[in-house]
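Please read the structure below before turning to the comments.
The values are calculated or read from the model by the stated rules, or taken from the named source; none is laboratory data. Predicted, not measured: the structure shown is a model, and the values here were computed from it. Here the Cβ positions follow ideal geometry from the backbone for every residue, glycine too, while neighbour counts run over all protein chains shown. Just so you know, the surface numbers come from the protein's heavy atoms only, side chains and all, with ligands and any DNA or RNA stripped out. Shrake-Rupley method; radii C 1.70, N 1.55, O 1.52, S 1.80 Å.
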Amino acid sequence: MSEAQNPITILVDADACPVKDEVYRVAERFKAQVRIVSNSPFRIPDHPRIKRIVVDDGFDAADDWIAENADPLSVVITADILLAERCLKAGAAVLAHNGKPFDAASIGSAIATRAIMEDLRAGMDGIGGGPPPFSKADRSRFLQELDRVLVKLGQG
């Protein structure tokens, strides 16, 4: 498939993304465009389909750029549930770094869980965990899910 026939773009919320290298590899197979969006520069491969987007350091500036550029031919990679919701509303496919897809059916409960956890953390005076450590299984699940989403988008 030529690039003109495949305008799929992967938008990466890059500041805390542990799967950038995996995104580059899968995007190359599918000839997808990649935009690495962050508040500070990241080293990216020297490739014409991979571009670094450095936004100002304003609150949610990277999220705003991603949400404004998301569309039905985008795959957004983020762990940010509120950004995921915005991108879903724009018609994009959205994946967390661990391969978990966000979709219309799951986003409401994810937002509710986020709010509950935020309240619990606030009541614990800063004591608390965080997400579990990123694992090889998470990386593998991410690769499988990204591949599945890109195949689906390529058939559309």
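Report yes if residue 81 is at pLDDT below 95, open to solvent by 10 Å² or more (accessible area, probe 1.4 Å), among the β-branched types (Val, Ile, Thr) and within 22 Å of residue 144 (Cβ to Cβ), otherwise no.
Spelling it out, residue 81 is indeed at pLDDT below 95, open to solvent by 10 Å² or more (accessible area, probe 1.4 Å), among the β-branched types (Val, Ile, Thr) and within 22 Å of residue 144 (Cβ to Cβ).
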Inter-residue pairs, beta-carbon under 6 Å, first hydroxyl-bearing (Ser, Thr, Tyr) and in the range 9-35, second not in a strand (DSSP E or B), 6+ apart | 24/45
Only residues that are open to solvent by 50 Å² or more (accessible area, probe 1.4 Å) and at pLDDT 90 or above: list them for the range 46-59, please.
-> 46, 47, 48, 51, 52, 54, 56
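Considering only the range 1-107, give the strands (runs of 3 or more DSSP E) lying wholly within it that have at least 1 residues that are farther than 23 Å from residue 139 by Cβ. Even if it seems obvious, please write down each step before you answer.
On the way: elements: 9-13, 33-38, 50-54, 74-77, 93-95.
Qualifying strands (runs of 3 or more DSSP E): 50-54.
Out of all the residues in the range 19-31, is one or more of a type in the set (Ser, Thr, Tyr) and surrounded by fewer than 18 Cβ atoms within 10 Å (Cβ to Cβ)? Show your work before the answer.
Going through the range 19-31, the residues of a type in the set (Ser, Thr, Tyr) turn out to be 24.
Retained after the next criterion (residues that are surrounded by fewer than 18 Cβ atoms within 10 Å (Cβ to Cβ)): none.
Scanning the range 19-31 turns up no residue that is of a type in the set (Ser, Thr, Tyr) and surrounded by fewer than 18 Cβ atoms within 10 Å (Cβ to Cβ).
Please go through the range 1-18 and pick out each residue that is over 18 Å from residue 144 (Cβ atoms) and either more than 12 Å from the chain's Cα centre (by Cα) or surrounded by 13 or more Cβ atoms within 10 Å (Cβ to Cβ) (or both). Explain how you work it out, then say what you get.
Residues of the range 1-18 that are over 18 Å from residue 144 (Cβ atoms), as a first pass: 1-7, 9, 11, 13-16.
Selection gives 1, 2, 3, 4, 5, 6, 7, 9, 11, 13, 14, 15.
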